[in-house]
Amino acid sequence: MAETSSATTAFVDPHYIQARPSLISKVRRADLVICSGAQLEIGWLPVLLQKANNPDVMPGSAGYFEAGSFVLRMNATSNTDRAQGDVHPQGNPHVQTDPHNIAAIAVALGERMAQLDRDNAESYAAGLAEFSAKWDSAISGWEEKASVLRGKRAITHHRSWVYLERWLGIEGVANLEAIPGLPPTTAHLSKLVAQFEDGGADFIIRSTYQDDRPSEWLEDRTGITAVMLPLTVGGTDEATDLFSLFDSIINRLLNASAK
Ligand SMILES: [Zn+2]
């Protein structure tokens, strides 16, 4: 039986986590560290790994798993100028918002766990097969249910939803953040009012941990529905596991687009 714990929750910004002592001691005892990668955790995971000083989970070892390296990442850029904000030169790291990415990551993770714990390799393979079958049928259900969202236009707080947008055929038309990772400015929000007061967007999406004021402010001035989505499990009451996470995301988008 694997014991798991999470460094982040749906209520905190995953770009910024404190390397607190309890977390350091968990990493010190871990057999496997799983992260998104693509530099999402660049501000805190290297420090955490260094403080924990556990050779089994250092980058390059079998006990270090970057989920984002098993999917094709969007928006990779050669621009590494940090003055441009939280840009992710290795591509957008928020890969969990497309369930097809999760399917690919599950395969890689199942193989990795079998490699780390060879005695139980068969049960990881069986668990993976069971998950993958359920997951594939859930994806078909979500795609059918969300088909009416195709062609909708979204303004998002941060560029956290590019994979979801691509998956469901939603067009990302603007971001509340003028510079990725920095809070939305009044000047930028005013520009968005001018741009969208006569239409051009169907919803304004923010994640659980993000300040609700910018999206509510824009909703008041443009009439475009603001909607909060869980970026990960636990971000809404309904999103209690990966399956209900996508149920919650799609139900909330359908409710918002019906308004
Ligand atoms: Zn980001």
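Considered as a group, the residues in region 175-190 that are free of Cβ contacts under 8 Å to residues at least 24 places away in the same chain and away from the ligand (no atom under 16 Å from the Cβ) include one that is surrounded by the most Cβ atoms within 10 Å (Cβ to Cβ), and that residue is HIS188.
Is there any pair linking a residue in region 134-162 that is under 24 Å from VAL193 (Cα atoms) to one that is among the basic types (Lys, Arg) and modelled with pLDDT of 95 or more, with Cβ under 9 Å and at least six apart or on different chains, and which? Close Cβ pairs satisfying both conditions: THR156/ARG206; HIS157/ARG206; HIS158/ARG206; SER160/ARG206.
Only residues that are surrounded by 17 or more Cβ atoms within 10 Å (Cβ to Cβ) and hydroxyl-bearing (Ser, Thr, Tyr) were counted across region 131-156, and they come to 1. Among residues of region 60-76 that are over 12 Å from ILE105 (Cβ atoms), those with a beta-carbon under 7 Å from a residue that is at pLDDT 95 or above and assigned to a strand (DSSP E or B) at least six positions away or on a different chain give the pairs GLY63/VAL33; TYR64/VAL33.
Checking each residue in region 202-259 for being of a type in the set (Gly, Ala, Ser) and out of contact with any helix residue (DSSP H, G or I) (no Cβ under 7 Å at 6 or more places or on another chain) picks out SER207, SER215, GLY223, GLY234, GLY235, SER244, SER248, ALA256, ALA258. Once region 218-240 is narrowed to residues that are closer than 17 Å to LEU189 by Cα and buried (at least 20 other Cβ atoms within 10 Å of the Cβ), the residue that is farthest from the chain's Cα centre (by Cα) is THR222.
Out of the residues in region 157-174 meeting the condition of being among the charged types (D, E, K, R) and modelled with pLDDT of 95 or more, tell me which one is surrounded by the most Cβ atoms within 10 Å (Cβ to Cβ).
Looking only at region 157-174, we keep the residues that are among the charged types (D, E, K, R), and these are 159, 165-166, 171.
Okay, now just the ones that are also modelled with pLDDT of 95 or more, so 165-166, 171.
On the way: GLU165: 22, ARG166: 15, GLU171: 13.
Filtering region 157-174 for residues that are among the charged types (D, E, K, R) and modelled with pLDDT of 95 or more, the one surrounded by the most Cβ atoms within 10 Å (Cβ to Cβ) comes out as GLU165.
Being more than 12 Å from the ligand (Cβ to nearest atom), assigned to a loop (DSSP other than H, G, I, E, B) and either of a type in the set (Gly, Ala, Ser) or at pLDDT 90 or above (or both) is the filter here; which residues of region 75-115 pass it? Within region 75-115, ALA76, SER78, ASP98 meet the criteria.
Entry remark, region 1-55: residues being in a loop (DSSP other than H, G, I, E, B) and either within 21 Å of the chain's Cα centre (by Cα) or among the aliphatic types (A, V, I, L, M) (or both) number 29 in total. Residues being within 18 Å of the chain's Cα centre (by Cα) and within 30 Å of TRP217 (Cα to Cα) are entirely absent from region 104-115.
The values are calculated or read from the model by the stated rules, or taken from the named source; none is laboratory data. Computed from a predicted model, the values in this text were never measured in an experiment. Cβ sites come from the backbone with ideal geometry, for glycine too, and all protein chains shown count toward neighbours.
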